Amino acid sequence: MTSAQLEIQIIAALVAMACAIPGTFLVLRKMAMISDAISHSILPGLVLGFFITNDLNSPFLILLAAITGVVTVVLVEFIQKTGLVKEDTAIGLVFPALFSIGVILIAKNANDVHLDIDAVLLGELAFAPFDRLEVNAIDIGPKSLWVIGTILLTTISLLLLFFKELKLSTFDKGLATTLGFSPLLLHYGLMTVSSITVVGAFDAVGAILVVALIIAPAATAYLLTDSLKKMLLISCFLGVFSAISGYWMANFLDASIAGSMTTMLGIIFLIVYLFAPKRGVFSVIYKEKHQRIEVSLLVFLLHLQNHVEIEERHVDHLQKHINWGKVKSKTILDLAQKNNLIKLSGNIVNLTEKGTEFTEEALRYITTNKETAIEDLKAKFFLFRG
Amino acid sequence: MDLIDFFTNYTLRTITLGTAILGAICGMLGSFAVLRKQSLLGDAISHASLPGIALAFIITGVKDPNLILLGALISGLIGTFWIKGITKRTRLKSDTALGLILSLFFGLGILLLTFIQKMPNANQAGLDKYLFGQAATLVEQDVLIMASVTGVSLIVLLLFWKEFKLLLFDPDYTKTLGFNTRFLDILITFFIVLAIVLGLQTVGVILMSAMLLAPAAAARQWTNNLSTMIILASIFGALSGIFGTAISATQNNLSTGPVIVLIAASFVLISFAFSPSRGLIFREMRFRKNRKELHLKKTLTFMYRIAQNHDNISHPHAIRILNNFQGFTKKSLLKLENQELISLSGKQWALTKKGYEEAASINKKLGKSDD
């Protein structure tokens, strides 16, 4: 591994972390698409800044572009407030217009500007190590490493300083306001940090993939945990992991680094989306199936409790009267027997003592709704779940 | 480029026709996207179609625009249904789902595109045009495809008109009436995806969403009627296409896509400002007018209270006594006189009979609590 390769990986990892932190809050605040809008609409700011400074890593340019990002947010909110269009339409209208202005600015000045559209879209991570920062003629590393490092440090210190305020205003805006924190200030603070991060990361991964780095790690982490701290840590870890593995994939395929970083994020998300414990698709489907069986079981037990007549309690009755298929009837009978809720004498079903007790409690739950959840009840009585 | 060329130049005519048709179909189907609160879906779909474009090229090895469009369509549909899956099955909200699919698919697309670039038989030049669109590459066949898709979607729209309309405004009611809402939903989504995919070659992946939204958002400001809105949106879309092509043809280095989007955006801006019923300017004017009228009415009721204490309602009073009341100005008094509600003579005012009745009815409306 050459030092250039190492530097690229460090930059990629720092970018991923810097994006994952604001991303976590954007996802939780249901404002993920704002990052998409910002990443597009900073283009005109970036181009204007480039005309003035001629340096993609200049702090002035980053500031100017970040201001454009915040202006976008303000503009979107203004349009939303007029009530002329629905919320998401406002986002969808603002950023393409600003992006178009940026593209036209670049195209009209193509001859004098070293800023092409591909760089804007894809980033130039591979070239990052060649743009060195020199202090007193001593090489102290790639410029973008310093830029993104500064941004990451600022983000982390802001996060530590305002962690409880951010947490509170994210989950309970009303309480935050009554306690005297200004949600508005935090909102625009978060927007400013996001804008600066997007601009800083832009150079490395390009306009659209920065959105992936912001949203995907946070969304994936959200499927894995309920704790904000853990979510922040997991999303940083996922970002760094996909940055480094993405780099090596790009190396192997000889393709875009940013593209393969995003693809790694996509693969991780797909795996978590399908297999996450509790919140993954498979476990949701599995849980739904169980719940369906357990509800049927409850219906069956209530039916037994209601009827003393032999013919109502005959096994065949399940198929004939309640209209359950053979397989379903058998599953439910088996489950009830395994849990000692019923006894079979011949083909007649009888509730056991435990079954009667459970049914009565369940009935009380259904009619009064006083118990917090029927799940507790099930946990108390069921040895085997559906 | 002269204006004459614009009508005689065959290539330019084809391109203009293409962008006009594209604008029209986008306006038509975009109206549904906007009203169904799926504005950003277009953005996600257009980005999600990129890997399809690249894969179609990798698999077939040829640059057949129709095959590439098919790839884009399939990948766009996969993206759309995955978005629906994410919002339905997990606790991630729709904005996160949209952003995820948009960026992840786009990243995969970029990976594949850069991979193609390095392929030995790389004849890939031209795939880049799907990023920003290149209206200049439109040929007659493309326009024909666009026209026929527009025709088909128009027919489907007319066939399912009342179902779509009902689904748009009251999905639950539609379901209880026994319509297959799932089918209708898929049908309309399919056509939206189709429109987006058609526009990729012209406007490009990144700006396509604006093409879908802007004409519809502009049209929405002028009417509350669905069919009028759709027609207006199609017209706005077509005009954006025509003007955009014309402007970008007159200048060097000006790609068509961004210009079309900017024209469409200015339609939105104009509609936001000048629409008579919803526009910001007229709304502000109505506010002001209402405020003034309220002031006049306040003055009139104040006068009424004074006049009430006299036998002769038209007994003149000095203007001076209105001083402790801030609602009146010389102008507002003149206005009241113009409406024949009061009569002025020198420094005196008097309520007319009409004015007295008017004020009495206002007072009545205000409620008896004041009396």
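Read-outs: derived from the displayed coordinates by stated rules, not from any lab. Nothing here was measured: the structure is a model prediction, and the numbers come from that model. Neighbour counts run over all protein chains shown; Cβ positions are idealised from the backbone, glycine included.
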With θ taken as phi - 60° and the coefficients 6.51, -1.76 and 1.60, list the Karplus ³J(HN,Hα) couplings across the range B:217-233 in order, rounded to whole Hz; mark glycine and proline as x. 5, 5, 5, 4, 6, 9, 8, 10, 9, 4, 5, 4, 4, 5, 4, 4, 4
On average, how many beta carbons from a partner chain sit within 10 Å of the beta carbon of a residue in A:229-242? 0
Hey, fewest Cβ within 10 Å first, where do B:Asp43, B:Asp172, B:Asp64 land in order? B:Asp172, B:Asp64, B:Asp43
Considering amide H positions built from the backbone, and no H for Pro or chain starts, which residues 5 or more places from B:His317, or on another chain, come under 5 Å of its amide H? B:Trp349, B:Ala350
Of the lysine pairs in the range B:3-278, how many meet both conditions: Cα atoms under 22 Å apart, and a spacing of 8 or more in sequence or different chains? 15
Under a Cβ-only charge scheme (Lys and Arg +1, Asp and Glu -1), can you give me the dipole magnitude of the range B:3-278 about the Cα centre, in debye to the nearest 20? 760
The range B:264-366: trypsin sites (Lys or Arg not before Pro) falling in loop per DSSP and having at most 13 other Cβ within 10 Å: B:Lys347
Calculated FRET value between B:Thr137 and B:Asn224, using beta carbons and R₀ = 56 Å, to 0.05: 0.90
Cα-based Rg / Dmax (Å) for the range B:3-278: 18.6, 60
Quick calc, A:Glu77 & A:Phe127: beta-carbon distance into FRET formula, R0 45 Å, rounding 0.05, result 0.75
Give me the inter-chain shielding for A:26-36: mean count of other chain Cβ atoms within 10 Å, whole number please. 5
What 222 nm value per residue comes from the helices of chain A, counting each DSSP H run with n ≥ 4 as -39,500 (n - 2.57) and dividing by all residues, nearest 500 deg cm²/dmol? -24500 deg cm²/dmol
Interchain or long-range residues, amide H under 5 Å from A:Asp131's placed H: A:Lys143
Report the calculated FRET efficiency for A:Ile366 and B:Ile186 (r = Cβ-Cβ distance, R0 = 51 Å), to the nearest 0.05. 0.85
Mean separation of Cα contacts under 8 Å (at least 6 apart) over the residue count of chain B, i.e. the relative contact order in percent, is 22
In the range A:3-277, lysine pairs with alpha-carbon atoms under 17 angstrom apart (chain gap of 8 or more, or interchain): 8
Taking GluC sites (Glu not before Pro) as exposed when in a DSSP loop with at most 14 other Cβ atoms inside 10 Å, chain A has its longest clean stretch at A:1-308
Shielding of A:211-221 by other chains, given as the mean Cβ count within 10 Å, works out to 5
Simple SL model, points at 7 angstrom along Cα→Cβ for B:Asp64 and A:Asn347; separation in nm is 6.3
With the crude spin-label approximation of a point 7 Å out along Cα→Cβ, what separation in nm comes out for B:Thr11 versus B:Lys175? 5.4
Overall Cα dimensions of the range B:109-193, principal axis frame, Å, largest first: 58, 31, 19
Pairwise label distance in nanometres, A:Lys326 with A:Val284, each label 7 Å out on the Cα-Cβ vector: 3.5
Packing-wise, with mean Cβ within 10 Å as the measure, how do A:191-200, B:176-185 rank, highest first? A:191-200, B:176-185
DSSP H segments from chain A that extend 20 Å or more along their own axis, Cα-based, with Kyte-Doolittle mean of 0.0 or above: A:3-28, A:32-53, A:59-82, A:87-108, A:143-161, A:183-205, A:228-253, A:257-275, A:281-306
Exposed trypsin sites (Lys or Arg not before Pro) absent: longest stretch of chain A, with sites in DSSP loops and at most 14 other Cβ within 10 Å deemed exposed: A:31-277
